Amino acid sequence: MNDILSRSAVMSLVLLLGACGGDPSNDATTPGSTGDLSMTSSSTSSIDADTSTGHAENSSGGPNTGDTSSSETTGASSETTQGADCDLERIDLPGDNFYPEGVAAYEEHLFVGSIATGEVVRASTCDGVVEDFIPAGILPGAVGLRVDEARSLLWVCASDSTQQTFASLEAFDLSSGAPVASHSWDSPGMCNDIAIDDAGNVYATDSFGHRILRVDEEDARMPTPAETWVAAPEFVVPPEQFGLNGIAWSSGGSLRVGSYADGRLFEIPVLADDTAGAVTVLGGAGTLAGPDGMIPYRRGLLVVEGFATRLSRLDLGELSLTTVADDFDFPTTVAVVGDSAWVAEGQFDHLYGLDPAPPELPFEVRRVRLR
């Protein structure tokens, strides 16, 4: 069983990354498809500038109060800002096999995880100093990351992309990197990205299991299993394709989730009894071009679009998509510090053999200025 799942996992990533291998598109939809959102895009975004009006995700992964529900068209923006901007434009990551996937911000630092080695580093966005946080060899692969400031934790999706081992959702001390709790999964899958709601419940996407798992707030520091919170037919993608990926919490009381394979965007409300409400398809196939990491920003989301190799802003009020920056080297996730977004460049075409040449070193996290 594990051998079959291993081949399926690798094939899925190869097929999807192969779709990224052509010329990046500046359109919001993939060729031959249409989205349910009325999208606009541009190669130069109105939020690309060297300005001082920073908006960022809440460091705890909780709501940014400027993030409105999909039905709203106006709203004040009052997101929490992490840290302050410095002059650094890039952060160089160590080694020749890092292949960054997850990135999360706390104060003026970034946490960056390696899908290949499982290590997590902490890097200063001011002087570029990189230090070990979680050494290689503890996790099979470090995928999505989320800072939980309220509990002084860093959450990590621990996943082996070949699925030789089960995934898990791991909590580490935010200061020392010491392990706090491991939340095991009940079946093979890929823990990909993480969100935290107002109450402190933790959610993680399963890219191969077509589901979202959850750890209740009271169990965060206990070694309890992660439980399936919702597994909807809307999440299912064809075999050997990569499904649910980025996930973000909305202050309106819902989760937004992207499907990497076909670019759909979903909204799932969290009901008063903590169960999942009805899944709403905010945007159909082709709405986004390989949505990976996403975080709340103003009236919508900052989204890394892997197929288009760009960072985009999705306005959920006007239902418009704007390119913030593009021409990344297989980007994966994004975090915000001060007035800037930081985008991890995964270079997964080299990791999964699409490009037999060695990766371009050093691996990097790149800065994008926002306004």
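The values are calculated or read from the model by the stated rules, or taken from the named source; none is laboratory data. Keep in mind that this is a model prediction, so the values were computed, not measured. Every residue, glycine as well, gets a Cβ built from its backbone with ideal geometry; the counts of neighbours run over all protein chains shown.
Quick check, is Phe328 among the aromatic types (Phe, Trp, Tyr), out of contact with any strand residue (DSSP E or B) (no Cβ under 7 Å at 6 or more places or on another chain) and either outside any strand (DSSP E or B) or farther than 20 Å from Asn192 by Cα (or both)? Spell out the reasoning first.
Numbers: among the aromatic types (Phe, Trp, Tyr): yes; out of contact with any strand residue (DSSP E or B) (no Cβ under 7 Å at 6 or more places or on another chain): no; either outside any strand (DSSP E or B) or farther than 20 Å from Asn192 by Cα (or both): yes.
In short, no.
Would it be correct to say that Arg310 is among the charged types (D, E, K, R), farther than 22 Å from Ser114 by Cβ and under 17 Å from the mean Cα position of the chain (by Cα)? Before you say what the answer is, go through the steps one by one.
Values: among the charged types (D, E, K, R): yes; farther than 22 Å from Ser114 by Cβ: yes; under 17 Å from the mean Cα position of the chain (by Cα): yes.
For Arg310, the condition - among the charged types (D, E, K, R), farther than 22 Å from Ser114 by Cβ and under 17 Å from the mean Cα position of the chain (by Cα) - is met.
Of the residues in the range 265-277, how many are under 20 Å from Leu319 (Cβ atoms) and over 15 Å from the mean Cα position of the chain (by Cα)? Walk me through how you get there before you give the answer.
Taking the range 265-277 and keeping what is under 20 Å from Leu319 (Cβ atoms), we get 265-269.
Still in the running and over 15 Å from the mean Cα position of the chain (by Cα): 267-269.
Of the residues in the range 265-277, 3 are under 20 Å from Leu319 (Cβ atoms) and over 15 Å from the mean Cα position of the chain (by Cα).
List every residue pair whose Cβ atoms sit under 6 Å apart, with the two residues 6 or more apart in sequence or on different chains, where the first one lies in the range 173-194 and is touching a residue at least 12 places away in the same chain (Cβ under 8 Å) and the second, anywhere, is basic (Lys, Arg).
Note: pairs meeting the criteria are Val180/Arg221; Ala181/Arg221; Ile194/Arg146.
How do the pairs read when you match residues in the range 102-115 that are at pLDDT 95 or above with residues anywhere that are buried (at least 24 other Cβ atoms within 10 Å of the Cβ) and of a type in the set (Lys, Arg), using Cβ under 8 Å and keeping only pairs 6 or more apart or on different chains?
Matching pairs, first to second residue: Ala104/Arg146.
Give the residues of the range 287-304 that are under 15 Å from Ala325 (Cβ atoms) and assigned to a loop (DSSP other than H, G, I, E, B), sorted by residue number.
Hit for the range 287-304 is Ala289, nothing else.
Given Ala226, Ala231, Ala248, which one is touching a Lys or Arg at 6+ places or on another chain (Cβ under 6 Å), in contact (Cβ under 8 Å) with a residue 12 or more places away in the chain, buried (at least 21 other Cβ atoms within 10 Å of the Cβ) and not aromatic (Phe, Trp, Tyr)? First the steps, then the outcome.
Numbers: Ala226 fails: touching a Lys or Arg at 6+ places or on another chain (Cβ under 6 Å); Ala231 fails: buried (at least 21 other Cβ atoms within 10 Å of the Cβ).
Checking each option against the conditions leaves just Ala248.
Within the set of pairs 6+ apart or on separate chains, which have a first residue in the range 304-324 that is within 25 Å of Asp349 (Cβ to Cβ), a second that is charged (D, E, K, R) and not in a strand (DSSP E or B), and C-beta atoms under 9 Å apart?
Filtered contacts from the range 304-324: Ala308/Asp27; Thr309/Asp327; Thr309/Asp329; Arg310/Asp327; Thr323/Asp48; Val324/Asp48.
Of everything in the range 82-127, what is among the charged types (D, E, K, R), buried (at least 21 other Cβ atoms within 10 Å of the Cβ) and assigned to a loop (DSSP other than H, G, I, E, B)? Give them in sequence order.
Of everything in the range 82-127, just one residue is among the charged types (D, E, K, R), buried (at least 21 other Cβ atoms within 10 Å of the Cβ) and assigned to a loop (DSSP other than H, G, I, E, B), namely Glu119.
Please find, within the range 282-321, the residue that is farthest from Asp198 (Cα to Cα) out of those that are among the β-branched types (Val, Ile, Thr) and at pLDDT 95 or above.
First, the residues of the range 282-321 that are among the β-branched types (Val, Ile, Thr): 287, 295, 303-304, 309.
Of the ones still in play, those that are also at pLDDT 95 or above are 295, 303-304, 309.
Working: Ile295: 15, Val303: 21, Val304: 24, Thr309: 32 Å.
Ranking the candidates gives Thr309 first.
Give the residue that is nearest to the chain's Cα centre (by Cα), with candidates limited to residues of the range 137-150 that are surrounded by 18 or more Cβ atoms within 10 Å (Cβ to Cβ) and more than 24 Å from Cys86 (Cβ to Cβ).
The extreme case among them is Gly144.
Among the residues of the range 244-258, is there at least one that is outside any strand (DSSP E or B), at pLDDT 95 or above and either of a type outside the set (Ser, Thr, Tyr) or more than 17 Å from the chain's Cα centre (by Cα) (or both)? Spell out how you get there, then give the answer.
Applying the first criterion (outside any strand (DSSP E or B)) to the range 244-258 yields 251-253.
Filter again for at pLDDT 95 or above, leaving 253.
This time we only want the ones that are either of a type outside the set (Ser, Thr, Tyr) or more than 17 Å from the chain's Cα centre (by Cα) (or both), so: 253.
Yes.
State all residues of the range 208-243 that are under 25 Å from Asp292 (Cβ atoms), charged (D, E, K, R) and not in a strand (DSSP E or B); if no residue qualifies, say none.
Result: Glu234, Glu240.
Identify the residue in the range 161-172 that is touching a residue at least 60 places away in the same chain (Cβ under 8 Å) and more than 25 Å from Ala248 (Cβ to Cβ) and, among all such residues, is surrounded by the fewest Cβ atoms within 10 Å (Cβ to Cβ). Lay out the reasoning, then the answer.
Here is the first cut: in the range 161-172, the ones touching a residue at least 60 places away in the same chain (Cβ under 8 Å) are 161-164.
Next cut, more than 25 Å from Ala248 (Cβ to Cβ) only: 162-164.
Working: Thr162: 18, Gln163: 23, Gln164: 13.
Restricting to residues being touching a residue at least 60 places away in the same chain (Cβ under 8 Å) and more than 25 Å from Ala248 (Cβ to Cβ), the top hit is Gln164.
Within the range 190-208, count every residue that is within 17 Å of the chain's Cα centre (by Cα) and surrounded by fewer than 23 Cβ atoms within 10 Å (Cβ to Cβ). Steps first, answer last, please.
First, pick out the residues of the range 190-208 that are within 17 Å of the chain's Cα centre (by Cα): 190-197, 202-208.
Restricting the remaining residues to those that are surrounded by fewer than 23 Cβ atoms within 10 Å (Cβ to Cβ) gives 197.
Number of matching residues: 1.
Tally time: how many residues in the range 174-206 are small (Gly, Ala, Ser), in a loop (DSSP other than H, G, I, E, B) and modelled with pLDDT of 95 or more?
The initial filter retains those residues of the range 174-206 that are small (Gly, Ala, Ser), namely 175-178, 181-182, 184, 187, 189, 195, 199-200, 204.
If we keep only those that are in a loop (DSSP other than H, G, I, E, B) too, we end up with 175-178, 187, 189, 199-200.
Those left that are additionally modelled with pLDDT of 95 or more: 175-178, 199-200.
Matching residues across the range 174-206 total 6.
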